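Here is the structure we will look at, set down as structure tokens.
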Amino acid sequence: MEKGEISIGLAETSNDIAAVKAIFLEYLEFIEDFLCQPLDFQGTEKEFSTFPAVYDFLLLAKLEGEPVAACGVKNFKPGISELKRLYARKAGRGFNLGERLTVAAMGEARNRGYQDMYLDTDPGLTHAIRIYEKLGFEDIPRYYDNPMGCSKYMKISL
């Protein structure tokens, strides 16, 4: 494997699923610190106790074979997927992994028959929002019961 080589693929082996779970838990710690609020309202206890049951699929990015970033996609409702927990560890930053994982998630969701992809994010995560807007995501009204009044909701047609 060449220095700096990135691979992105479905997390299907037990090792890859465990790596995604570890990255998601790091993300959860990061985002709860960033928001100064727990995300318990999202059902995180159940999510991680039954991991990866709530996801339709998981994507894992590796740098030189080491897991550095991940995201998950849930079936929100028929025809609509939801992008969740997109996160890159410090070692994976600077490789455009946010955009690359989002594009891969959109392609896989399309291949699985979804017509749209939703996501929610915090307005303070401007780097992530720039990526989503660049890819064509647009603002939409709140699509689920979220006690955090300032979240930003976005959608793209696949």
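Out of TYR143, ILE31, ASN111, whose Cα points farthest toward the positive end of the dipole of the chain (charges: +1 Lys, Arg; -1 Asp, Glu; placed on Cβ)?
The residue sitting farthest along the positive end of the dipole is ASN111.
Which one of ALA88, PHE48, ILE156 is farthest out on the positive end of the charge dipole of the range 6-157, using unit charges on Cβ (Lys, Arg +1; Asp, Glu -1) and the Cα centre as origin?
Of the options given, the answer is ILE156.
For the range 30-81, rounded, prolate or oblate, judged on the Cα gyration tensor with a ≥ b ≥ c (square roots of eigenvalues), a/c < 1.5 rounded, else prolate if a/b > b/c?
oblate
Rounded, prolate or oblate: which fits the range 6-157 when a ≥ b ≥ c are the square roots of the eigenvalues of the alpha-carbon gyration tensor, with rounded for a/c under 1.5 and prolate only if a/b beats b/c?
Taking the square roots of the gyration eigenvalues as a ≥ b ≥ c, the range 6-157 is rounded.
Of all beta bridges DSSP finds with both residues in the chain, what is the antiparallel percent, to the nearest 5?
Percentage antiparallel, nearest 5: 90.
Relative contact order of the range 60-107: what whole-number percent is it, with Cα pairs under 8 angstrom and at least 6 residues apart?
Over the range 60-107, the number comes to 33 percent.
Going by alpha carbons, how many degrees (0 to 90, nearest 10) lie between the helix axis of 14-35 and the longest principal axis of the chain?
Rounded to the nearest ten degrees, it is 50.
Over the range 6-157, what is the relative contact order in whole percent, taking alpha-carbon pairs under 8 Å and six or more residues apart?
20
Pull up the cross-link candidates among the lysines for LYS21, meaning alpha carbon to alpha carbon under 20 Å and not fewer than 8 places away within one chain.
Candidates past the 8-residue exclusion: LYS46, LYS62, LYS74, LYS84, LYS90.
Any read-out appearing in this document is the output of simple, stated calculations on the displayed coordinates, not a laboratory observation. The shown structure was predicted, so the numbers you read here are calculated from the model rather than taken from an experiment. Glycine gets a Cβ as well: all are built from the backbone with ideal geometry, and neighbour counts include every protein chain shown.
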